[in-house]
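This report refers to the structure that appears directly beneath it.
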Amino acid sequence: MAKKPAKKRYLKRKVALVETSNLRAIAAQVVHQVSHEQKSLSSLLPPALEKVAASDKALLQELCFGTCRWYHKLDAIKNSLMVQPLGHLDIVVNSVILVGIYQLLEMRIPPHAAIYETVEATEALGFFRLKGVVNGILRNVEREEHWPEELIDTDSEASLLYEYSHPRWLIDKLSNNWPDQWPEILANNNLRPPMTLRVNTLKISRTDYLEKLSQADIEAKATPYAPSGITLEHPIDVNRLPNFEEGFVSVQDEAAQLCCELLDAPKNARILDTCAAPGGKTCAILERFPDADVTAVEVDSDRTERINQNLERMGLSANVITGDASDPESWWDNTLFDRILLDAPCSATGVIRRHPDIKLLRQENDIVPLANIQLSILQASWKMLKPGGKLVYATCSVFSQENSRIIERFISKQSDAALIPIEAEWGTTTPFGRQLFPQAEGHDGFFYACLKKSD
């Protein structure tokens, strides 16, 4: 696929937002802040949800997540129907229209109600003169039966965005990295993710917990690769999970659970979990290796607290440190580790289905700086590994630039590092590790590589 020159990244001027209790107006402003102000759904949704009634919270979340998930497709439709673009001061109305189109195409809300409520949201935001524009576009969407053949040039970039609902740079990069798999990766990115659990086998077996779920009328099945994993037929509130507060299970994707099998730690091992927040893998390590001495390091103090909260709920203990993994001299006690898990900060392109705002927040020119950070943390972590020890490198990215190429760059300059081939039924073999792609009703996209330090 021909690659276009990367667009320059720039900061868009903020538009004044309106305090409102109108649910669709709130959703539109959230989508606008994601797409134009580079703010994440995780930071925007909590205060937004406080503005609506409890009965409306699920709808607001669905509108925000769904519109972000299908943003590029919805935007292609909107652009094909607009006579002229909106001015800067009216730009929020673009998001109002997208929220409206999403309801018409992807939700079971009656069309007349979706159109009426979205037009009302336009008024609630103060754009009285644009109510007719919004109404006209949404009524055209309601009437149109042939998308995109009659409205979108099938040879244009708009057609590509309509079909895959991802930014062009991401489509191009994936097609370059994975020429055979990229259409399936993009399709699975647009699916709703399953809810997967990790059973705490210190307290209960997977078989017995599956029975508990069955008794609670919760349909579930064992994961095919992670020995402690369970995938629910339908996502539910964690408070419905039997013995959740007692630490019997945690919510964790199957791909992330595979780290413990790769660590394969010896008895009484000293293990380091770098970039450890929110603590899911730290807890998984302690559940799998209960006699281990585990240190968890996270640079963000707020996220460090999340690690402590998870450990407390699971009834586990670790040495939790707020520190920079790329600068161990500032926190490390100079005692070497038998095993190191490095879950490196990355583009998160393997978990887009869980965080659809990544499509709008991530930019192509983010990847090189991220790769440099990954390599620097890997180099720093290596100094803390015992001779004969093993380091497991992991990311939730599907880009080779953050994965196998990092390992290749590292090994080429580190004479005491050797790649350990991963023999597994999961994922795809690469020259320097194993890549998992997001699967429908299965695991997320993830990458693993195992390195051994020579004696």
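The values are calculated or read from the model by the stated rules, or taken from the named source; none is laboratory data. As the structure is a prediction and not an experimental result, all values here were calculated from the model. Glycine gets a Cβ as well: all are built from the backbone with ideal geometry, and neighbour counts include every protein chain shown.
Can you tell me which residues in region 137-169 are more than 29 Å from Phe399 (Cβ to Cβ), modelled with pLDDT under 75 and surrounded by 14 or more Cβ atoms within 10 Å (Cβ to Cβ)? Walk me through it before giving the result.
If we filter region 137-169 for residues that are more than 29 Å from Phe399 (Cβ to Cβ), which is where we start, we get 137-147, 149-151, 153.
Keeping just the survivors that are modelled with pLDDT under 75 gives 145-147, 149-151, 153.
Trp147, Leu151, listed by residue number.
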Query raised in the report: From the list Asp217, Asp208, Asp172, which one is modelled with pLDDT of 95 or more and crowded, with 16+ Cβ neighbours inside 10 Å?
Result: Asp172
**Report entry** Matching residues, region 286-308, being within 24 Å of Asn239 (Cα to Cα) and over 21 Å from the mean Cα position of the chain (by Cα)
**Finding:** Leu286, Glu287, Asn308
Query raised in the report: What number of residues in region 91-120 are of a type in the set (A, V, I, L, M), closer than 19 Å to Ala58 by Cβ and not in a helix (DSSP H, G or I)?
Result: 2
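Taking Glu254 as the residue in question, decide whether it is touching a Ser or Thr at 6+ places or on another chain (Cβ under 8 Å) and charged (D, E, K, R).
On the way: touching a Ser or Thr at 6+ places or on another chain (Cβ under 8 Å): yes; charged (D, E, K, R): yes.
So Glu254 passes the test.
Residue-wise test of (1) surrounded by fewer than 19 Cβ atoms within 10 Å (Cβ to Cβ); (2) at positive phi; (3) in a strand (DSSP E or B).
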{"position": "Leu272", "(1), (2), (3)": "no, no, yes"}
{"position": "Pro278", "(1), (2), (3)": "yes, no, no"}
{"position": "Glu287", "(1), (2), (3)": "no, no, no"}
{"position": "Ala296", "(1), (2), (3)": "no, no, yes"}
{"position": "Asn308", "(1), (2), (3)": "yes, no, no"}
{"position": "Ser317", "(1), (2), (3)": "yes, no, no"}
{"position": "Ile340", "(1), (2), (3)": "no, no, yes"}
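Given the structure, is Ala265 in contact with a strand residue (DSSP E or B) (Cβ under 8 Å, 6 or more places away or on another chain), under 22 Å from Val320 (Cβ atoms) and in contact (Cβ under 8 Å) with a residue 40 or more places away in the chain?
On the way: in contact with a strand residue (DSSP E or B) (Cβ under 8 Å, 6 or more places away or on another chain): yes; under 22 Å from Val320 (Cβ atoms): yes; in contact (Cβ under 8 Å) with a residue 40 or more places away in the chain: yes.
Answer is yes for this residue.
Determine whether Glu123 is farther than 19 Å from His355 by Cα and either at pLDDT below 95 or part of a loop (DSSP other than H, G, I, E, B) (or both).
Working: farther than 19 Å from His355 by Cα: yes; either at pLDDT below 95 or part of a loop (DSSP other than H, G, I, E, B) (or both): no.
Criteria not met by Glu123.
Scan the strands (runs of 3 or more DSSP E) fully inside region 154-249 and keep the ones with 3 or more residues being more than 17 Å from Leu436 (Cβ to Cβ) and not assigned by TED's automatic domain parsing to the domain that holds Arg313. Break it down stepwise before answering.
Numbers: elements: 196-199, 220-222, 229-232.
In region 154-249, 220-222 are the strands (runs of 3 or more DSSP E) which contain 3 or more residues that are more than 17 Å from Leu436 (Cβ to Cβ) and not assigned by TED's automatic domain parsing to the domain that holds Arg313.
Per-residue answers, yes or no, for (1) assigned to a helix (DSSP H, G or I); (2) assigned by TED's automatic domain parsing to the domain that holds Cys283; (3) small (Gly, Ala, Ser); (4) touching an Asp or Glu at 6+ places or on another chain (Cβ under 6 Å):
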residue	(1), (2), (3), (4)
Asp333	no, yes, no, no
Ala348	no, yes, yes, no
Arg353	no, yes, no, no
Lys359	yes, yes, no, no
Asp366	yes, yes, no, no
Ile377	yes, yes, no, no
Tyr393	no, yes, no, no
Query raised in the report: Could you say which residue among Ala53, Ala27 is crowded, with 20+ Cβ neighbours inside 10 Å, within 21 Å of Leu125 (Cβ to Cβ) and modelled with pLDDT of 90 or more?
Result: Ala27
Query - Cross-chain or 6+ apart pairs with Cβ under 6 Å, region 61-81 first and under 18 Å from Ala25 (Cβ atoms), then in a helix (DSSP H, G or I) and small (Gly, Ala, Ser) - result: Leu63/Ala27; Cys64/Ala27
